[in-house]
Amino acid sequence: MKSIKLVTTTLVVSGLAFMSCKNDYKAKDTEVDTVEEQVNDLENEMDKSSKSNSESDYIMPSDQVMSKEYAMNDGRNINYQTTQAGIVGFEGWKQFNILTYELEEMKKANIYTKERIGNLRGVIATLDDSIPDWLKTEEVMEDVDDIQKEYNELMAEPNASEKEYKENIEEVSEKYADLQEELTETVEKYMKVNEKAIKKYNEQIEKGNIEKANKKYQKEIDKLNKIADYEEEK
């Protein structure tokens with residue numbers, strides 16, 4: 001088994017390609033256009049930010065970001081970025097990466113302007129459509145749905161007082177933290193299944209039972225396909 005590769009890196013969130021939004025934002029063509037414009041503006045701002053560092057990548061405002069690559073024995077690779085707080089980005093899930101970046105930047109500056117929060121509309125609306133299939137557990141998708149609901153409630157109260165507005169933003173941040181925790185646990189599940197399969201295999205190989213080793217290994221490795229247990233509503 002290949003070991004985990006740890007490399008100090010920056011969080012890449014450029015190259016966003018959005019096309020449509022769902023839920024409350026699919027109602028009118030003009031609304032969709034507004035969302036796309038906001039996403040493009042957010043992309044442009046982040047592109048400008050990237051040019052300020054030598055690697056043209058995005059640096060998280062707090063905590064060192066580590067890039068991890070876990071090579072599974074079934075051929076798949078799990079690539080993600082993490083800090084002490086948990087996972088902050090995934091290869092192939094740019095919407096989550098942008099949401100992480102924006103929430104962390106606003107938290108650091110302690111500035112949550114309605115304009116900047118509003119610019120996250122397209123990102124949050126497409127979190128569920130863009131998530132990689134292997135991360136789709138019931139718990140993860142429930143947390144994604146909670147973020148979208150809290151955000152929709154926040155945006156539905158444009159005349160809320162400053163105190164109420166901050167409280168509503170905290171609700172969104174708390175749901176994000178729940179998602180972050182669940183994603184971290186999901187990645188750990190994949191690693192544990194992979195490691196247990198190899199352990200079972202090696203135990204039988206040491207005994208000279210090659211056929212049994214292969215059966216034990218396959219029995220354990222098949223459990224990888226059961227982790228992403230979310231079923232789309234028909």
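The values are calculated or read from the model by the stated rules, or taken from the named source; none is laboratory data. Predicted model only: the values in this text are computed from it and were never measured. Cβ: placed from backbone, ideal geometry, glycine included. Neighbour counts: every protein chain shown.
General remarks:
- Lone unmet requirement of (1) more than 17 Å from the chain's Cα centre (by Cα); (2) of a type outside the set (S, T, Y); (3) within 20 Å of I98 (Cβ to Cβ) for K175: (1)
- Residue match in the range 111-123 (condition: within 17 Å of Q180 (Cα to Cα), in contact with a helix residue (DSSP H, G or I) (Cβ under 7 Å, 6 or more places away or on another chain) and either in contact (Cβ under 8 Å) with a residue 12 or more places away in the chain or of a type in the set (A, V, I, L, M) (or both)): yes
- Among (1) buried (at least 19 other Cβ atoms within 10 Å of the Cβ); (2) more than 27 Å from I117 (Cβ to Cβ); (3) in contact with a helix residue (DSSP H, G or I) (Cβ under 8 Å, 6 or more places away or on another chain); (4) not basic (K, R), the one test that V187 misses: (3)
- Within the range 212-225, one or more residues are farther than 15 Å from R76 by Cα and hydrophobic (A, V, I, L, M, F, W, C).
- Qualifying helices (runs of 4 or more DSSP H) (wholly inside the range 93-159; at least 1 residues being within 28 Å of Y190 (Cβ to Cβ)): 94-109, 121-125, 127-130, 138-155
- Of all residues in the range 143-173, those satisfying the criterion of being surrounded by 12 or more Cβ atoms within 10 Å (Cβ to Cβ) and among the aliphatic types (A, V, I, L, M) are V144, I147, L154, M155, A160, I169, V172.
- Test: residue in the range 208-215 that is buried (at least 20 other Cβ atoms within 10 Å of the Cβ) and either out of contact with any strand residue (DSSP E or B) (no Cβ under 8 Å at 6 or more places or on another chain) or more than 30 Å from L99 (Cα to Cα) (or both): no
- For beta carbons closer than 6 Å, sequence separation of 6+ or different chains, a first residue in the range 206-232 that is closer than 19 Å to T137 by Cβ and a second that is in a helix (DSSP H, G or I) and small (G, A, S), the qualifying pairs are E220/A197; I221/A197.
- Residue-level check: of (1) over 18 Å from the mean Cα position of the chain (by Cα); (2) touching a residue at least 24 places away in the same chain (Cβ under 8 Å); (3) over 26 Å from E233 (Cα atoms), N152 misses just (3).
- Residue under evaluation E170, criteria (1) within 22 Å of V187 (Cα to Cα); (2) free of Cβ contacts under 8 Å to residues at least 40 places away in the same chain; (3) out of contact with any Phe, Trp or Tyr (no Cβ under 7 Å at 6 or more places or on another chain), criterion not met: (1)
- In the range 95-142, residue surrounded by the fewest Cβ atoms within 10 Å (Cβ to Cβ) [restricted to those that are more than 24 Å from N79 (Cα to Cα) and among the basic types (K, R)]: K108
- The lone criterion from (1) touching a Ser or Thr at 6+ places or on another chain (Cβ under 8 Å); (2) at pLDDT below 95; (3) closer than 24 Å to Y70 by Cα left unmet by K108 is number (3).
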